[in-house]
1. If a residue counts only when it is without any contact (Cβ under 8 Å) to a residue 40 or more places away in the chain and either of a type outside the set (Ser, Thr, Tyr) or more than 30 Å from Tyr227 (Cα to Cα) (or both), which strands (runs of 3 or more DSSP E) contained entirely in the range 1-94 have at least 2 such residues?
2. Before we move on, is Thr231 β-branched (Val, Ile, Thr) and surrounded by 14 or more Cβ atoms within 10 Å (Cβ to Cβ)?
3. Go through the range 95-107 and report how many residues are closer than 13 Å to Glu204 by Cβ and outside any loop (DSSP other than H, G, I, E, B).
4. Take the conditions surrounded by 14 or more Cβ atoms within 10 Å (Cβ to Cβ), touching a Leu at 6+ places or on another chain (Cβ under 9 Å) and at pLDDT 95 or above and apply them to Val111. Does it pass?
5. Take the range 65-93 and flag every residue that is within 16 Å of Leu115 (Cβ to Cβ) and either modelled with pLDDT under 95 or hydroxyl-bearing (Ser, Thr, Tyr) (or both).
6. What tally of residues in the range 182-226 results from selecting those that are buried (at least 16 other Cβ atoms within 10 Å of the Cβ), under 19 Å from the mean Cα position of the chain (by Cα), farther than 16 Å from Thr86 by Cβ and not hydrophobic (A, V, I, L, M, F, W, C)?
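The values are calculated or read from the model by the stated rules, or taken from the named source; none is laboratory data. If you're wondering where the values come from, they're calculated on a predicted model, not measured in any experiment. Cβ placement follows ideal geometry from the backbone for every residue including glycine, while neighbour counts extend to all protein chains displayed.
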Amino acid sequence: MTSDGIEVATKVLFSQGEVMTEERLTEIKRGPVPEADVLPSRQLFDATTWLKPLRNYPDRPQSAIDFEAKLVATASDNPSVNRTSTVRLLRHYPWWFRQRDGKDGSVRVMVWNELENQGILYSSSKWERRLEAARSPVDPKRPWAGFDIPTEMENLGKQDQFLGENCTWYDLTPNMADAGQKQCITSDGIPLKDDYWSGWSAVESFETVEFKRRTVDIGEMLPPREYLDPTAWGFEFR
């Protein structure tokens with residue numbers, strides 16, 4: 001680091017002190033830098049930048065019907081209380097929209113494409129706010145995707161019924177040892193029960209309290225505009 005704050009070299013070391021990676025500055029020019037040169041592009045705050053389809057997608061399978069659902073969450077050790085965290089879930093193949101409003105005032109909104117590494121994630125709590133986005137095909141050599149997307153499901157061979165609908169239990173994380181997710185899903189793809197596990201016990205369970213099979217427009221699945229407003233993140237574009 002120079003005396004005027006310019007980083008000229010960095011090293012990342014192994015625990016034994018050996019160099020893992022190294023970077024060195026090859027050129028430097030001191031001078032005024034326009035503010036516009038260091039601001040992020042305005043397009044980064046436009047949801048359509050990230051959610052524009054990467055390709056033409058196959059016809060919707062019968063197991064992926066459009067729907068809207070409302071779920072409530074309850075702590076597994078006391079199912080009679082804390083039913084104040086709610087989830088709104090929309091599906092329009094291959095897109096999903098999930099908004100969770102926590103009883104503590106937290107918000108988590110995720111829009112994602114189940115066939116790609118593509119989506120937007122916004123979260124806020126009393127401690128922090130975060131905004132993440134990605135738009136790229138899934139790498140065949142690394143077939144797992146981001147945005148909490150299950151890439152394989154194991155049929156657990158157990159049937160159940162909620163709201164008068166039959167569903168089958170699936171393990172969405174069959175190769176995960178210490179934590180996991182299980183859902184009871186209808187034959188046309190609606191999750192009626194959503195359990196998150198740690199060890200051998202369910203940490204939290206979401207139960208569908210109402211749902212409707214209906215056509216979902218992709219415009220309904222965009223995150224609220226105010227969540228991506230650049231001024232909310234401290235950026236003023238002129």
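1. 9-13, 19-24
2. When the stated conditions are applied, Thr231 does not pass them.
3. So the answer is 1.
4. Yes, satisfied.
5. Answer for the range 65-93, where residues must be within 16 Å of Leu115 (Cβ to Cβ) and either modelled with pLDDT under 95 or hydroxyl-bearing (Ser, Thr, Tyr) (or both): just Tyr93.
6. Residues that pass the stated criteria total 5.
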